[in-house]
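Every read-out reported here was derived from the displayed coordinates using simple, explicitly stated rules and does not represent laboratory data. Worth saying up front: this structure is predicted, and the values here are computed from it rather than measured. When we count neighbours, we look across all protein chains shown, and the Cβ atoms used for this are built from the backbone with ideal geometry, even at glycine.
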Protein chains: 4
Amino acid sequence: MNPIARRWVPAFLLLSVLAGAIFAQKQKVIVDQDARGPASTDTQSILMFAQSPDVEVLGITIVAGDQWVPEETAHTLRALEIAGRTDIPVVRGAESPLVNSKEESEAWEAQFGALNFKGAWTLRTYHPPDVIPEMPEGAPATKAIDERADDFIIRMLHKYPGEVTVWAGGPLTNIALAIRKDPQVPALAKQLVLMGSGFNSAIGGIQRMNGRREFNWWFDPEAVRIVMSAPWKKITITPVDISVKTRLSDEIQAQITKVDTPLTRYLKQFSRPSFMWDEIAVAAMLDPTIITDQKELYVNIDIEHGPSYGQTIFFDKDTKAPAWWKPATVQFDLDAPKFYQMYVRLMTLPTSAGKGPAH
Amino acid sequence: MNPIARRWVPAFLLLSVLAGAIFAQKQKVIVDQDARGPASTDTQSILMFAQSPDVEVLGITIVAGDQWVPEETAHTLRALEIAGRTDIPVVRGAESPLVNSKEESEAWEAQFGALNFKGAWTLRTYHPPDVIPEMPEGAPATKAIDERADDFIIRMLHKYPGEVTVWAGGPLTNIALAIRKDPQVPALAKQLVLMGSGFNSAIGGIQRMNGRREFNWWFDPEAVRIVMSAPWKKITITPVDISVKTRLSDEIQAQITKVDTPLTRYLKQFSRPSFMWDEIAVAAMLDPTIITDQKELYVNIDIEHGPSYGQTIFFDKDTKAPAWWKPATVQFDLDAPKFYQMYVRLMTLPTSAGKGPAH
Amino acid sequence: MNPIARRWVPAFLLLSVLAGAIFAQKQKVIVDQDARGPASTDTQSILMFAQSPDVEVLGITIVAGDQWVPEETAHTLRALEIAGRTDIPVVRGAESPLVNSKEESEAWEAQFGALNFKGAWTLRTYHPPDVIPEMPEGAPATKAIDERADDFIIRMLHKYPGEVTVWAGGPLTNIALAIRKDPQVPALAKQLVLMGSGFNSAIGGIQRMNGRREFNWWFDPEAVRIVMSAPWKKITITPVDISVKTRLSDEIQAQITKVDTPLTRYLKQFSRPSFMWDEIAVAAMLDPTIITDQKELYVNIDIEHGPSYGQTIFFDKDTKAPAWWKPATVQFDLDAPKFYQMYVRLMTLPTSAGKGPAH
Amino acid sequence: MNPIARRWVPAFLLLSVLAGAIFAQKQKVIVDQDARGPASTDTQSILMFAQSPDVEVLGITIVAGDQWVPEETAHTLRALEIAGRTDIPVVRGAESPLVNSKEESEAWEAQFGALNFKGAWTLRTYHPPDVIPEMPEGAPATKAIDERADDFIIRMLHKYPGEVTVWAGGPLTNIALAIRKDPQVPALAKQLVLMGSGFNSAIGGIQRMNGRREFNWWFDPEAVRIVMSAPWKKITITPVDISVKTRLSDEIQAQITKVDTPLTRYLKQFSRPSFMWDEIAVAAMLDPTIITDQKELYVNIDIEHGPSYGQTIFFDKDTKAPAWWKPATVQFDLDAPKFYQMYVRLMTLPTSAGKGPAH
């Protein structure tokens, strides 16, 4: 070892230690998604996590919802390839809700009016679960791991007790299955963060003016009942009401495409103007100051199979409530410019940036 | 006949004819109310009708809701005495909802959270149905007529087929009973106008943030199902969503009390700042230009006895709907100054003005 | 007064007093029926009452159910003409259930399986409510009185407080309307006796093996909820379970037709072998010893609009129950020969026998 | 090899081949049970399988129901030790139903009447899930395998596609979880055989006279909905209606204890007179001729959370039905002596007999 090297050794060690410390501060998260692709709000929320140096994504668990599991898995794998994050495991999950079904939803519509979006069940875009339509972004070379979503969730929570955020951007089937398979799941998690539910929004719902019939929750109401009644340490909800205050506009796209990376090229090609449903739930987890109004509410879901099946039910925290209701923090307003700024910053980082040390 | 008389005869005849013509143009209305008194939104809406020269009030039918029928009847009779309109019949109606009950509502609250208002069932102000607490405005000298509300409604609609507006400011029990007793009721009416229901308002409901649980409709959900599924020629709805855009403020009260009549003295003494729930439904009937935003919606109510019992259900008119759904015109915004102006004008007219010829 | 007359006076007075005493002992009954005709279980139960010297039938109130009100009214009038009892008022009542409807029942069947009988709504025999198909027994010359069933029930109960049995052989719509119009109805009645509901019978229901879906109660479930939750002094129920233990056989018909009266000729021509649903409820009221097994149960109905809509719900009297449940005496077995004997005896009495003094 | 040995070789080979052939004919079964112990209907049905030479028990999967999973597991392990069948894997499963809960059941009882049995939730015998009360039959030395019930079911069905009978004697939570985790489960199984549901029995239910509220199905209604709506090749149901036609009497016990084995001693000490709920479902699978009356019915469960939550719903096979209903073979009567004979025979076989070649 020459003198120069010698002088550097302690500095290198110091850096390593620091890096380790910083790396240790990365938030561990399991990202549960009904990952429509390419480049939907689902995929983009995954990419925000993948790009963030502040997050350690333990895995992405796929659940049926916007699309079927096989195609969602393929789109997720491909997006991670483009983002240079093939190190993140992709895990297949539940292919259908617990109780709700395409057949039941059609009988419901015949009585209570048609729904304008039903995810994988939407008639005008329907194909069987095992068919993967041609992928315009290219088929993935990588593969999902050989484990099921509920098992993956259980394994990770036991491996890192108290450290893992369970983040959900789709129907809650995988998480409900994990809870019923292992009742320790909620207590082992650090917290639950989710996009879902709706309160008093006249847009954003799947039956037009009715924001309280929100897709993620409607698709598997019984799963919501299980998950929202479980003893989590903390629940944070991004509902329709805040989603509709955002818009992934052409201006934001323009800012992203100023930087040229495989990821920005992918977004330029496939991303479309839309409410930023799931992206808010990522951003607010990474930087809670993005949220400017939130309320503590008891929140759950109607599982009577009548006209209100799948609608959010709720009341405020001062109401006397039986024990099975759990309070949640529900986001109602945000600092939109700050949010857009974070979105642009993450999407324009060099791909693989998420692998690096935490900020 | 002396010469002077002779000269007057044609003039008198002319006036009679004119008066008849004008009188014939008065809108005939049955006012169905859960008439809390003194001087609530219920009573004030009655007084607007009583004061309006453009309306012929065939009768006021009383229904349990905000209070019990005996006290509501007494407050209504007294208000009409003060307004000099003892010519308007007051008619007692249903003393309880069809199916809903105080007992059921308490079992419901034990599961789904307490309600902040339950009308006559509210525990902190509860008294038995047949007790009339002391009336600060004085007890009435007049009496209700010896007929029941549903019979009165049926009789009037047959007497004036196609001419009568059924206007409802309370639970719909009386009207539902009338329909089930005589299926011709809806077709015989000119239209149904009502205050009730809620859509996407975060205030104004009886479970705080949930405007979709509106008192009038919640109190007797099965009656709403009956009434809203019946073949009316036209339905107009004033929901919570528009009510909460108004306020009976001290400034408005001050304008009223500038004029001194028995009625303005009554209002000065008993009226309190509040949303103007029912007054909008009167004003918009008298002058539809007060409404600046309205939508054609299919509207009904959830009668499953679960967490959404008594909540408004709805979808927009472009949705394919089974035949039992009826489209209604739902008011969402108003020209508030114009509305306040009408309210002040009617309340400051000389009492008995409503008896005179129509404008 | 001559000596002979003098001798007869006391005897005449005695007879008068006796007759009065006997007449006073006649049970007053309002017979509420969905009176399918000619000669169904509905009509036969009416005729049993009409023929019985022990009953004073205050009136027969008609309700939609097995058929529509206009045709049921016509068949009832005609049957009373044949039985020489045109002194009994026939009163038209509710033309449809409170909430249930043909449309809702069809949506239900599409989800939960077809029903084998739906009364007036049965597709294979359907005609509009105001059509009266040709009457094989001849059209009546008499007319229904000009009053509605609920008003008639209310008027009679106030006229004879505590004396009147309300006997119901059809859907409970009329009685529910009467209760909601005048809450004193249940307390003013002597008792409620009804044919309806089902418990554990594998025959007799309207969905084949499911006796718990009994027609009368299914047709208007919300009316049952109202009636069965009201404060009657006593409720006696003849359910499907006991009805299916009887049969109006050819042998019984043969016994009846041995006697020749207008009534036996009518029965010979139109009566058909069948369970004796409603006849038991009459017989057991006239002679309770016909019943050999009965239980005290809490009985009500499911009004959730799901798969169990309209099914009987119940539990035994030792179960701790909330106040809205009312105990009822439910008949489960009978002395069938004694019952048939009473049926034959009443039907073979001279017509107009019911007008005479009580036994 | 000496001449004698040589002569025996072919015979031995032949026997081996025959034994293999016979062994191959053993029915493969997964036994899913809420295994209350010691010596309940749950345990006895397990022991019938364990003793039968005609069955290859792949494993016993435990589900919460009559008791909690830890104590049920311990009782099952101990019973298998006593029967000399520690070769059969015992697998822990779901510790609670999907949606139903002790709290919800208590709110239900407050409205609809107390239930006389609620398994692990029964108040008078309640203890926390992780407590195992002292075991009078002795604690087991063996252990459950390190796999969860749903995974075990999935693994076995893939290992022996088309060969395995899924036999369920408790709530259907484990099987529902397996189906939702792997949608191939129903199609991979040979058949589903279960004890559960009730039709028109006035005894045997958990609310006394109401046999349609059967414990296994009531405990997890949503699991029943999932399992009974899945595409099994064949479903056979042993309902309450047939169970109550049997009785494990002292006479039968006496026949068993005539033979002295560790198993008969265990039964003598712990078995109690009872309906033979689950034993019938085993016997009828081993010898279908035991059943003398069975019907093809569409069978499912009410999952509205009202008064009929958890009750069996059904209609006969000739009824037009939507696709989500599945026909099942439902047993209604049996050759009881033949059944008792089989029970006695199996229980008095030498322990470990089940390991031997099939008959």
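General remarks:
- Label-to-label distance, C:SER249 versus A:ASP335, with points set 7 angstrom from Cα along the beta-carbon direction: 9.0 nm.
- All aspartates and glutamates inside 18 Å of A:LYS355 as judged from Cα atoms, apart from same-chain residues fewer than 8 positions distant: A:ASP54, A:GLU56, A:GLU81, A:ASP87
- Student exercise, chain C dipole from Lys, Arg, Asp, Glu Cβ charges, in Debye to nearest 20: 1120
- When chain C is turned onto chain D, the axis of that turn runs closest to one Cβ of chain C, and that residue with its distance in whole Å is C:SER308, 2.
- Relative contact order [Cα under 8 Å, 6+ residues apart], chain A, whole percent: 20
- In chain D, the DSSP-assigned H stretches of four residues or longer account for a calculated mean residue ellipticity at 222 nm of -11500 deg cm²/dmol, using -39500 (n - 2.57) per stretch and the full residue count as denominator.
- Sorted by Cβ neighbour density within 10 Å, fewest at the top, the residues C:PHE219, D:PHE339: D:PHE339, C:PHE219
- On Cα atoms only, tilt of A:3-25 relative to the major axis of chain A in degrees: 10
- Sparsely packed loop sites in the range A:318-359 (the trypsin sites (Lys or Arg not before Pro) outside DSSP H, G, I, E and B with at most 10 other Cβ atoms within 10 Å) comprise A:LYS320.
- For the range C:195-333, the square roots a ≥ b ≥ c of the C-alpha gyration tensor eigenvalues yield an a/c of 1.5 or more together with a/b exceeding b/c, which makes the shape prolate.
- Neighbour counts of C-beta atoms inside 10 Å place C:LEU172, B:LEU267 in the sequence B:LEU267, C:LEU172, starting with the fewest.
- Most fluctuating residue given options C:PHE270, C:PHE199, C:PHE152, as computed from a GNM of chain C linking Cα atoms under 10 Å: C:PHE270
- Residue order, fewest to most beta carbons within 10 Å, for A:MET135, A:MET347, B:MET285: A:MET135, B:MET285, A:MET347
- Per-copy distances of the A:LYS102 label point, shortest first, in nm (7 angstrom along Cα→Cβ): 3.4, 4.1, 5.2
- The convex hull built on the alpha-carbon positions of chain C has an orientation-averaged projected area of 20.0 nm².
- The C:HIS158 and A:SER274 beta-carbon pair, evaluated with R₀ = 41 Å, returns a calculated FRET efficiency of approximately 0.05.
- Choice from B:GLN255, B:GLN67, B:GLN331 showing the highest fluctuation, given a GNM over chain B with Cα pairs closer than 10 Å: B:GLN255
- A cut-off under 14 angstrom between Cβ atoms defines the neighbours of A:TRP277, and their net charge, with Lys, Arg +1 and Asp, Glu -1, is -3.
- If you sort the three axes of the alpha carbon gyration tensor as a ≥ b ≥ c, you get a/c of 1.5 or more for the protein assembly as shown and a/b no higher than b/c, which makes it oblate.
- Prolate/oblate/rounded label for the range A:59-137 (Cα gyration tensor, a/c 1.5): prolate
- Theoretical FRET efficiency, 1/(1+(r/R0)^6), r = Cβ-Cβ of D:LYS233 and C:LYS233, R0 56 Å, to 0.05: 0.45
- Across the identical copies, the 7 Å label point of D:GLN269, projected outward along Cα→Cβ, sits 7.4, 8.1, 8.7 nm from its counterparts, in ascending order.
- Taking the range D:172-279 and dividing mean pair separation by its residue count, relative contact order in percent (alpha carbons under 8 Å, at least six apart): 28
- Karplus-derived HN-Hα couplings along the range D:228-238 (A = 6.51, B = -1.76, C = 1.60, θ = phi - 60°), whole Hz, x at Gly and Pro: 7, 9, 8, x, 5, 5, 7, 10, 10, 10, 9
- Helix axis angle, A:102-112 relative to chain A longest principal axis, alpha carbon, degrees: 50
- Label zone at A:ASP87, where the point sits 7 Å out along the Cα-to-Cβ direction: the range A:148-192 residues whose backbone N lies under 13 Å: none
- Close Lys pairs in the range B:214-334 (alpha-carbon distance under 21 Å; sequence gap of 8 or more, or different chains): 14.
- Ranked from shortest, the separations from the 7 Å Cα-to-Cβ label point of B:ASP130 to its equivalents in the other copies are 4.3, 5.9, 7.3 nm.
- Full extension of the chain between D:ASP146 and D:GLN184 gives 11.4 nm of extra length, using 0.36 nm per residue less the Cα-Cα distance.
- Between A:TRP121, A:TRP277, A:TRP218, the GNM of chain A built on Cα springs shorter than 10 angstrom shows A:TRP121 fluctuating the most.
- Close amide H contacts of D:MET209 (hydrogens built in the peptide plane, cut-off under 5 Å, sequence separation of 5 or more or a different chain): C:ASP316.
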